[in-house]
Each structure stands twice: as C-alpha cells, then as structure tokens.
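First comes the structure, then the notes that go with it.
The values are calculated or read from the model by the stated rules, or taken from the named source; none is laboratory data. Values in this document were obtained by computation on a predicted structure and should not be read as measured data. Here the Cβ is made from the backbone with ideal geometry for all residues, glycine too, and neighbour counts use every protein chain on show. Only protein heavy atoms, including side chains, enter the accessible area calculation; ligands, DNA and RNA are left aside. Shrake-Rupley method; radii C 1.70, N 1.55, O 1.52, S 1.80 Å.
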Amino acid sequence: VGVFGMSAGQGVGIIPGLLLLCFGLAQIWVGIGLRGLKPWARIPTGILSGLGLLGFPLGTLINGYILYLIFSRKGATVFSDDYKQVMAETPHIKYRTSLVVWILGGLLLLVLLFALFGLVVGGRRLMN
C-alpha cells in the first residue's frame, strides 16, 4: 500500500500534478504582484521566466522577452516609487490597447484555434 492507501503505480501522477499545481499557484501569485506593480514581484518573475526558457522554442522566445522587460531600465522605472507617484498624480490618464494589437491578437487566436481543430480532426482520421 502506497501513498493515500493506493497500491504501487496508482499514484504516479499525483506528485507531478501537485508540482504543476504549486507552479500554477506561484504564477498566479506573481501575476497579481506584477499587475499591482509590486517591486517584490520582479525576482519571482525572473525565476519563473528562467524556468520557462526551457520550453523551446516558443517558451524561450516569450520568457526571454519577459526577462528583458522586467530587468531592463524601463522595467526598473515602472516598478519604482517615482513611477507610482506619477500614476497617483495623473489618475485621469489610462492606458488603452491599440486597435492593431487587438486585431493581431484576434488573428493569433484564430490561427491557434484552427491548429487545434486540425489536430483534433486529423487525430480522429488517423484512428479510423
């Protein structure tokens, strides 16, 4: 009898599942800190993005860009007390995402949905 009363081999997925759950919770925690521009969030972001570099090729590109944004001069400025003061003095100025970014994001989402659809349909044809 193994972990939680299961026989050997039944609980094989529990440990990786718990690790992924902890990793996901850490990402949520750091994301909340980043959203609030908390300076403490820069270091955990660097650690999580460093781990994300292992996801070659897409994870490497995305996490490399995140590392650049967080640890560049601009990133240091955004997380500084001076920037918070500027934000407090100018509450009427809000960031708006441009229409071009929304269109490109929508196109990317469509491409990903078509790719997923192709995988599902292609997988069914191979099974038959």
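Overview of results
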quantity: Some residue of the stretch 83-100 being basic (Lys, Arg) and not in a helix (DSSP H, G or I); calculated: yes
quantity: Within the stretch 7-35, tally of residues that are under 21 Å from residue 75 (Cβ atoms) and open to solvent by less than 80 Å² (accessible area, probe 1.4 Å); calculated: 5
quantity: Selection count, the stretch 97-128, where residues are farther than 18 Å from residue 37 by Cβ and either touching a residue at least 60 places away in the same chain (Cβ under 8 Å) or not aliphatic (A, V, I, L, M) (or both); calculated: 12
quantity: Complete set of residues in the stretch 91-105 that are open to solvent by 100 Å² or more (accessible area, probe 1.4 Å) and of a type in the set (Ser, Thr, Tyr); calculated: 95
quantity: Identity of the residue in the stretch 34-75, assigned to a helix (DSSP H, G or I) and among the aromatic types (Phe, Trp, Tyr), that ends up farthest from residue 112 (Cα to Cα); calculated: 40
quantity: Residue that is more than 21 Å from the chain's Cα centre (by Cα) and surrounded by 12 or more Cβ atoms within 10 Å (Cβ to Cβ), where the choices are 38, 84; calculated: 84
quantity: Selection count, the stretch 41-81, where residues are within 19 Å of residue 95 (Cα to Cα), open to solvent by less than 40 Å² (accessible area, probe 1.4 Å) and polar (S, T, N, Q); calculated: 1
